[in-house]
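What follows is a single structure, written as structure tokens, with notes after it.
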Amino acid sequence: MADWKNDQKENKEKEIVIRLRPRSVLKSVLLVLLLVSTFYLGRFSVEPPTFDVSLSGAVSAEKKTADVPAVEVKTAQVEQKVKEPLAAPTAAAVVDSGTESTDAADSDSSAPVDVGPVITTYTGKAALAIESVKTAWKETYGKITDIEYTLKNNEAGTVKPAYFYLMVEGYDDYEKKVPLPVSKQSIAAGEIQKYLAKVPNGFAYNKATVPDLSNVLITLVLYDESGKQITTATKRVALEWKESSS
């Protein structure tokens, strides 16, 4: 009996030693983490299927688009572009368009239009006529302010008049240059031009130099831009003296 008690006592007094292997412990920890991760992934997979449905729909749509031939896709795009309404022009665009049209019309009206070859050697077939003479009366003298003329081009090509020289009877040593506007500096073959040319600063005359103002000889000589004479015209007009204030 005493021996049994002694053995029991010795067993209680023995030290318990637990030996752990690091590799085994690491494997156990990894196994636990794997189980936990699997658990949470399973919970996420049970979430409402909203995201999965939309994703699957997008994937299916992409798949359908990929399955459709390229020709059909291009045709659908063209049809969509045709169905789209055209954008209405803005007010600014309309205003700009009108301005451009006006500018174009102005440039066309001022620029001469050439038809056929340009004539530089003249045969005297261009017919010039003085239609009327406009005057301005002052207290002691008068002025020729405008000359109305008609020019018919009977030459074989386009004629380019540039200016006149105006001469008045009694002033044989003086010539007044009358330039033509750009719009009148080209006349095609067979064309007739009628225009009222303004005399720069007027052509002044008085009764002492021109005794008979009722019958004064007026001469117009037409030149091109190089100074060649094209044609000439003369006419007797009345430059009657009238008493009037300026």
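Some points to look at:
- Taking N as its residue count, the alpha carbon Rg of the stretch 112-246 over 2.2 N^0.38 Å: 1.12
- Each Cα pair under 8 Å and six or more residues apart adds its separation to the average, and for the stretch 123-173 the resulting relative contact order is 35 percent.
- Accessible surface for Val32 stands near 90 Å², nearest 10, in the context of the full protein assembly shown (1.4 Å probe).
- Local electrostatic count, Pro200, Cβ distance below 9 Å [Lys/Arg +1, Asp/Glu -1]: +3
- Packing here is the average count of other Cβ atoms within 10 Å per residue, and on that basis the peptides 227-238, 152-163, highest first, run 152-163, 227-238.
- Label zone at Glu225, where the point sits 7 Å out along the Cα-to-Cβ direction: the stretch 116-143 residues whose backbone N lies under 17 Å: 116-121
The values are calculated or read from the model by the stated rules, or taken from the named source; none is laboratory data. Computed from a predicted structure; not experimentally measured. Note that we place each Cβ from the backbone using ideal geometry, even for glycine, and neighbour counts take in every protein chain shown. Side chains are part of the model used for accessible areas, which takes the heavy atoms of the whole protein and leaves out ligands, DNA and RNA. Shrake-Rupley method; radii C 1.70, N 1.55, O 1.52, S 1.80 Å.
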